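The structure appears right after this line, and notes come after that.
The values are calculated or read from the model by the stated rules, or taken from the named source; none is laboratory data. Keep in mind that this is a model prediction, so the values were computed, not measured. Cβ sites come from the backbone with ideal geometry, for glycine too, and all protein chains shown count toward neighbours.
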Amino acid sequence: MMFKNFFLILGVLILLISCSKKEIKKDIILEKSLEMQVLEVYEEGMEALNSNDVLFAAKKFNEAEILFPQSEWAPKSALMAAYSYYKQDYYGDAIAELDRFLRVYPKHKNISYAYYLLGISYYEQIVDEKKDLQSIINSRDIFQTLIEKFPNTEYVIDAQFKIDLINDILASKEVYLGRYYVDRKKWIAAINRFRTVVDEYDETIYAEESLHRLVEIYYLLGLEEESKKYAVLLGYNYQSSQWYEKSYAIFDKMYELNKKENEIKKRKQNSLLKKFKFLFE
């Protein structure tokens with residue numbers, strides 16, 4: 001009886017082990033089959049992208065991601081869907097895909113590229129500094145985040161270059177408005193615009209003009225000490241610029257006259273020298 005029970009238990013164990021192996025084998029086969037399906041869909045997306053059928057490509061990449069969200073192809077597919085939209089200037093769709101990628105795959109190895117592509121997608125929408133600035137500001141903030149979080153990636157140099165260009169655009173906007181207020185003698189509003197350039201965009205090409213405008217406005221308002229303060233700052237940083245000469249002329253009424261007289265004398269001397277040389281030819 002004991003032997004009978006022993007063999008019965010042994011038989012059940014063998015059957016369980018056998019069934020377990022079959023289930024494991026079945027799972028492995030299904031998993032490989034699913035991954036192959038994902039790969040096939042991904043490749044269809046790549047073919048469509050290479051044929052410039054970007055909408056179909058994006059659809060296929062999204063399908064590949066949904067088929068097997070746990071696979072390594074899922075985040076790749078999400079990025080490629082975003083790139084597909086970007087390639088055809090569908091920036092809104094690209095931004096939506098990239099925002100989702102950053103939420104779903106925050107630790108992916110290509111996360112720095114996602115930030116870069118997101119910044120570029122906003123940057124490419126910049127049309128005119130006089131219009132809505134939201135895309136410009138979003139682009140700058142994302143590029144700044146990229147530089148801070150991933151300082152050693154290959155995208156940093158171009159991100160910094162784009163930030164410099166964006167700062168030039170933002171500074172030009174402030175100067176444009178500052179000039180507008182000057183023409184209408186709205187001095188306080190003009191001062192605020194030019195001070196923004198001096199305080200926040202001092203490395204742009206508009207800093208010199210903004211300093212001069214502040215010198216000019218404060219002088220007109222009778223605030224000579226404040227005017228001199230900005231004139232000194234302008235002279236310290238840009239002594240050889242035309243804006244420094246204009247600011248200097250405000251405090252030296254004879255400066256422009258002396259400059260013209262010196263130019264006349266120089267022309268006369270050059271003329272005499274030519275005549276003198278002619279005598280010896």
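Only one of (1) within 26 Å of residue 237 (Cβ to Cβ); (2) polar (S, T, N, Q); (3) at pLDDT 95 or above is not met by residue 145, so which one is it?
Failed condition: (1).
So, of the residues in the stretch 73-111 that are of a type in the set (S, T, N, Q) and crowded, with 19+ Cβ neighbours inside 10 Å, which turns out to be farthest from the chain's Cα centre (by Cα)?
Start the filter on the stretch 73-111 by keeping residues that are of a type in the set (S, T, N, Q), which leaves 77, 84, 88, 110.
Restricting the remaining residues to those that are crowded, with 19+ Cβ neighbours inside 10 Å gives 77, 84.
Details: 77: 24, 84: 19 Å.
Looking at residues that are of a type in the set (S, T, N, Q) and crowded, with 19+ Cβ neighbours inside 10 Å, I get 77.
Limited to the stretch 156-180, what total is found for residues that are surrounded by 19 or more Cβ atoms within 10 Å (Cβ to Cβ) and either touching a residue at least 60 places away in the same chain (Cβ under 8 Å) or farther than 16 Å from residue 200 by Cα (or both)?
Result for the stretch 156-180: 2.
Does the stretch 66-118 hold any residues that are part of a loop (DSSP other than H, G, I, E, B) and either charged (D, E, K, R) or in contact with a Pro (Cβ under 9 Å, 6 or more places away or on another chain) (or both), and which are they? It would help to see each step written out before you state the result.
Going residue by residue through the stretch 66-118, those that are part of a loop (DSSP other than H, G, I, E, B) are 68-72, 88-90, 105-110.
Within the stretch 66-118, 72, 89, 105, 107, 108, 109, 110 qualify.
I need the full set of residues from the stretch 190-211 which are of a type in the set (A, V, I, L, M) and either surrounded by 15 or more Cβ atoms within 10 Å (Cβ to Cβ) or within 19 Å of residue 228 (Cα to Cα) (or both), in order please. Don't jump to the end; show me each part of the working.
Quick first cut of the stretch 190-211, residues of a type in the set (A, V, I, L, M) only: 190-191, 197-198, 205, 207, 211.
If the condition is that a residue be of a type in the set (A, V, I, L, M) and either surrounded by 15 or more Cβ atoms within 10 Å (Cβ to Cβ) or within 19 Å of residue 228 (Cα to Cα) (or both), then 190, 191, 197, 198, 207, 211 are the ones that fit.
Counting only residues that are more than 19 Å from residue 251 (Cβ to Cβ) and of a type in the set (D, E, K, R), how many does the stretch 178-227 have?
11
Here are the criteria: (1) among the polar types (S, T, N, Q); (2) part of a helix (DSSP H, G or I); (3) more than 21 Å from residue 89 (Cβ to Cβ); (4) within 21 Å of the chain's Cα centre (by Cα). Tell me which single one residue 192 does not satisfy.
(4)
Which numbered condition in (1) of a type in the set (A, V, I, L, M, F, W, C); (2) more than 29 Å from residue 136 (Cβ to Cβ); (3) loosely packed, with under 15 Cβ neighbours inside 10 Å is the only one that residue 55 fails?
It is condition (2) that residue 55 fails.
What are the residues in the stretch 64-103 that are in contact with a Ser or Thr (Cβ under 8 Å, 6 or more places away or on another chain) and either without any contact (Cβ under 8 Å) to a residue 24 or more places away in the chain or among the acidic types (Asp, Glu) (or both), if any?
Answer for the stretch 64-103, where residues must be in contact with a Ser or Thr (Cβ under 8 Å, 6 or more places away or on another chain) and either without any contact (Cβ under 8 Å) to a residue 24 or more places away in the chain or among the acidic types (Asp, Glu) (or both): 65, 98.
Among the residues of the stretch 137-157, which ones are closer than 17 Å to residue 111 by Cβ and in a helix (DSSP H, G or I)?
Within the stretch 137-157, 141, 142, 143, 144, 145, 146, 147, 148, 149, 156 qualify.
Give the residue, chosen from 230, 181, that is hydroxyl-bearing (Ser, Thr, Tyr), assigned to a helix (DSSP H, G or I), more than 21 Å from residue 89 (Cα to Cα) and at pLDDT below 95.
Numbers: 181 fails: at pLDDT below 95.
Sole residue among the options that is hydroxyl-bearing (Ser, Thr, Tyr), assigned to a helix (DSSP H, G or I), more than 21 Å from residue 89 (Cα to Cα) and at pLDDT below 95: 230.
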